[in-house]
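Take a look at this one; I'll ask things after.
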Amino acid sequence: GYAAREFAKQGVNPGELAIISKEAVAPYERPALSKAYLFPEGFARLPGFHCCVGNGGERLLPEWYKEKGIELILSTEIIATGSSVIKLTDFGVQGADAKYISYLRDIDDADKLIEAIKAKKNGKCVIVGGGYIGLELGAVMKMNDFDVSMVYPEPWCMPRLFTADIASFYEGYYANKGIKIIKGTVAVGFTADANGEVKEVKLKDGRVLEADIVVVGVGGRPLTTLFKGQVEEEKGGIKTDAFFKTSVPDVYAVGDVATFPLKLFGEMRRVEHVDHARKSAEQAVKAIKGGEDGKPIDEYDYLPYFYSRSFDLSWQFYGDNVGETVLFGDNNPTSPKPKFGSYWVKDGKVVGAFLEGGNPEENKAIAKIAKLQPPVESLEKLKDEGLTFACKM
C-alpha cells in the first residue's frame, strides 16, 4: 500500500504496476489487528484501516488502485515476503492443534479469534508469550472480560527491548488489572474436550491452567525459503543495499525479510517492525523510479523505532538498546498517570531512549536524542535531568 502510494506520487502510468498478495483484501494496516479490531466495542473493520492511514495518509480503497491503473492480484501466492508466525505445532507440542488455540498474523486469524471470543464469552484465556503480541493481546482479552493468564519463559516481559526495571512496571500494571503472570516456564502440552476444543494448558513446571481460549505469540520467521540459493542472505534475511536492491539485478526486498545497512550504527540489521516496513517500501520505490529517471536519491538512513499501546498505556522507543541504562520518572504501576523513561548510554553517548506516557513533543524529543547521540557528563546527572535532558536539545 505504501509502495503503491509512493509510485503514484512519483508518477506511474496505468498498467505499469501490479500488487500481488496471498491475502484476499487490499493492503491494510496490520497493527490494528491486535488493537481496535478486537476491542469489545467501537471496533475497527475494513475498509476503515486500509493503507495508508497508519501515518495519517488517505485510505487507499480498492477503487483507488483502479483509478491509478494499478492492478491488484489478490489471493495469489507468488513471492510471499514478510514473516510467518511460529506455531507450537511446528515443534510437535502435544495437543497444539486443538480448537481455540489462536495465533495472530493476518485478518483471518483475527476473525477466528473474534469467533472464539464470542463462543467463549467471559471465559478463561491463556496467553503464551510475553512479547508484543502477548502484551497487546493480554490487554485486549482482559478488555473483553476474560480471566487472563500470561505464560512466558523469560525472567521478564519483552526481554529483547525492556530492561528489568521497565518490565516490572508493565507486569505490575497488568497484575493490578487482574492479569496473572507466570514466568520462567513454557507450555508443553494441551488437553481438549470431546469437541476438540482446548480445555487445559500443561506447563513445564507441572502446573495445569484451565483455558477456553489460548493465544500464542512466540515470534515470527522471515519468509526467505523461496529465495534460498538465488539471492544473497545475511543475518537470517535477504541482503540488500541502502536502496533495498538485492544481489539479483532489479529484485528488491523490503520489510521483515530485508537485512539492510543501518547507517546510524554502521552495521547490517534486519528489523521486524511496521515503521521500517512502511519506510523501506517507500525507499525501494524511490530507488526504482530514481533509476528510471536518472535522479540521485539519498541512502536509507533509518532510526530504529518501536511502539506499543495497551490499556491506557503508550510507549515509544528510538535508537539502540545497548550499554548502561538510566531510568527516570514515575514508574509506579499504581500511579494515576505514570510517566517514565530510560536512556541507553554507550561510550559516553546516549544511543537509545524509551518513554512511557509521553506527549507528541516529548516523543519527538527522545527521537531527536537517539539520532543526535549527545555526550553525557555523568549517569547521575542524566538521571536527575530525566526527560528535561531530551526536551532541552
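Are there any pairs, at least 6 apart or on different chains, whose C-beta atoms fall under 9 Å, with the first in region 370-393 and closer than 15 Å to LEU327 by Cα and the second assigned to a loop (DSSP other than H, G, I, E, B) and open to solvent by 80 Å² or more (accessible area, probe 1.4 Å), and if so, which?
Cβ pairs passing all conditions: GLU385/LYS392.
Within 17 Å of the chain's Cα centre (by Cα), open to solvent by 40 Å² or more (accessible area, probe 1.4 Å) and either among the charged types (D, E, K, R) or at pLDDT 95 or above (or both): does that describe ARG30?
Details: within 17 Å of the chain's Cα centre (by Cα): yes; open to solvent by 40 Å² or more (accessible area, probe 1.4 Å): yes; either among the charged types (D, E, K, R) or at pLDDT 95 or above (or both): yes.
It is true that ARG30 is within 17 Å of the chain's Cα centre (by Cα), open to solvent by 40 Å² or more (accessible area, probe 1.4 Å) and either among the charged types (D, E, K, R) or at pLDDT 95 or above (or both).
I've got another one for you. Tell me which of these LYS279 doesn't satisfy, since it passes every other one: (1) under 26 Å from ALA32 (Cα atoms); (2) touching a strand residue (DSSP E or B) at 6+ places or on another chain (Cβ under 8 Å).
Result: LYS279 fails condition (2) only.
Ok, one more. Given the options GLU23, GLU6, GLU29, GLU41, name the one that is free of Cβ contacts under 8 Å to residues at least 24 places away in the same chain and acidic (Asp, Glu).
GLU41
Taking ILE73, is it open to solvent by 70 Å² or more (accessible area, probe 1.4 Å), over 28 Å from MET141 (Cα atoms) and either touching a helix residue (DSSP H, G or I) at 6+ places or on another chain (Cβ under 6 Å) or of a type in the set (Val, Ile, Thr) (or both)?
Numbers: open to solvent by 70 Å² or more (accessible area, probe 1.4 Å): no; over 28 Å from MET141 (Cα atoms): yes; either touching a helix residue (DSSP H, G or I) at 6+ places or on another chain (Cβ under 6 Å) or of a type in the set (Val, Ile, Thr) (or both): yes.
In short, no.
Could you tell me which residue of region 162-179 is farthest from LEU313 (Cα to Cα), considering only residues that are touching a helix residue (DSSP H, G or I) at 6+ places or on another chain (Cβ under 9 Å) and open to solvent by 20 Å² or more (accessible area, probe 1.4 Å)?
Among those that are touching a helix residue (DSSP H, G or I) at 6+ places or on another chain (Cβ under 9 Å) and open to solvent by 20 Å² or more (accessible area, probe 1.4 Å), it is GLY178.
For region 163-181, how many residues are touching a strand residue (DSSP E or B) at 6+ places or on another chain (Cβ under 8 Å) and either farther than 20 Å from ASP205 by Cβ or not in a strand (DSSP E or B) (or both)? Give the steps one after another, and end with the answer.
So in region 163-181, the residues touching a strand residue (DSSP E or B) at 6+ places or on another chain (Cβ under 8 Å) come out as 163, 165-166, 169-171, 173-175, 178-181.
Filter once more, keeping what is either farther than 20 Å from ASP205 by Cβ or not in a strand (DSSP E or B) (or both): 163, 165-166, 169-171, 173-175, 178-179.
Of the residues in region 163-181, 11 are touching a strand residue (DSSP E or B) at 6+ places or on another chain (Cβ under 8 Å) and either farther than 20 Å from ASP205 by Cβ or not in a strand (DSSP E or B) (or both).
State the number of residues belonging to region 350-393 that are more than 24 Å from SER335 (Cα to Cα), touching a Leu at 6+ places or on another chain (Cβ under 9 Å) and of a type in the set (D, E, K, R).
Here the count works out to 1.
Now a separate question. Return the residues of region 235-260 that are within 25 Å of GLY323 (Cα to Cα) and open to solvent by 40 Å² or more (accessible area, probe 1.4 Å); say none if nothing qualifies.
LYS235, GLY236 - these are the residues of region 235-260 that are within 25 Å of GLY323 (Cα to Cα) and open to solvent by 40 Å² or more (accessible area, probe 1.4 Å).
Here are some conditions: (1) within 17 Å of LYS289 (Cβ to Cβ); (2) at pLDDT below 95. LYS22 meets all but one. Which one does it not meet?
(1)
Within region 44-57, is there a residue that is free of Cβ contacts under 8 Å to residues at least 12 places away in the same chain and either charged (D, E, K, R) or exposed (fewer than 14 other Cβ atoms within 10 Å of the Cβ) (or both)?
yes
Any idea how many residues of region 203-226 are free of Cβ contacts under 8 Å to residues at least 60 places away in the same chain and surrounded by 17 or more Cβ atoms within 10 Å (Cβ to Cβ)? Outline the logic, then answer.
Pass one, region 203-226, residues free of Cβ contacts under 8 Å to residues at least 60 places away in the same chain: 203-208, 224-225.
Now narrow it down to the ones that are surrounded by 17 or more Cβ atoms within 10 Å (Cβ to Cβ): 203, 224.
Total satisfying the criteria: 2.
In this structure, does ALA277 turn out to be in contact with a helix residue (DSSP H, G or I) (Cβ under 6 Å, 6 or more places away or on another chain) and either open to solvent by less than 30 Å² (accessible area, probe 1.4 Å) or assigned to a helix (DSSP H, G or I) (or both)? Give the steps one after another, and end with the answer.
Values: in contact with a helix residue (DSSP H, G or I) (Cβ under 6 Å, 6 or more places away or on another chain): yes; either open to solvent by less than 30 Å² (accessible area, probe 1.4 Å) or assigned to a helix (DSSP H, G or I) (or both): yes.
So ALA277 passes the test.
Separate question: Any chance region 305-318 includes a residue that's acidic (Asp, Glu), open to solvent by 50 Å² or more (accessible area, probe 1.4 Å) and either over 15 Å from the mean Cα position of the chain (by Cα) or modelled with pLDDT under 95 (or both)? Reasoning before the result, please.
Step one: filter region 305-318 for residues acidic (Asp, Glu), giving 312.
From the residues that got through so far, the ones that are open to solvent by 50 Å² or more (accessible area, probe 1.4 Å) too are 312.
Still in the running and either over 15 Å from the mean Cα position of the chain (by Cα) or modelled with pLDDT under 95 (or both): 312.
Yes, because at least one residue in region 305-318 is acidic (Asp, Glu), open to solvent by 50 Å² or more (accessible area, probe 1.4 Å) and either over 15 Å from the mean Cα position of the chain (by Cα) or modelled with pLDDT under 95 (or both).
Scan LEU17, LEU72 and give me the residue that is of a type in the set (A, V, I, L, M, F, W, C), farther than 21 Å from SER308 by Cβ and modelled with pLDDT of 95 or more.
The conditions single out LEU17.
Restricting attention to region 182-202, and to residues there that are among the polar types (S, T, N, Q) and outside any strand (DSSP E or B), which single residue is least open to solvent (accessible area, probe 1.4 Å)?
THR185
List the number of the failed condition for ASP301; all other conditions in (1) open to solvent by 50 Å² or more (accessible area, probe 1.4 Å); (2) part of a helix (DSSP H, G or I) hold.
(2)
The values are calculated or read from the model by the stated rules, or taken from the named source; none is laboratory data. None of the values given here were measured: they were computed from a predicted structure. No Cβ is skipped: glycine too gets one built from the backbone with ideal geometry, and neighbour counts run over all protein chains shown. Protein only, heavy atoms only, side chains kept; ligands, DNA and RNA dropped before computing areas. Shrake-Rupley method; radii C 1.70, N 1.55, O 1.52, S 1.80 Å.
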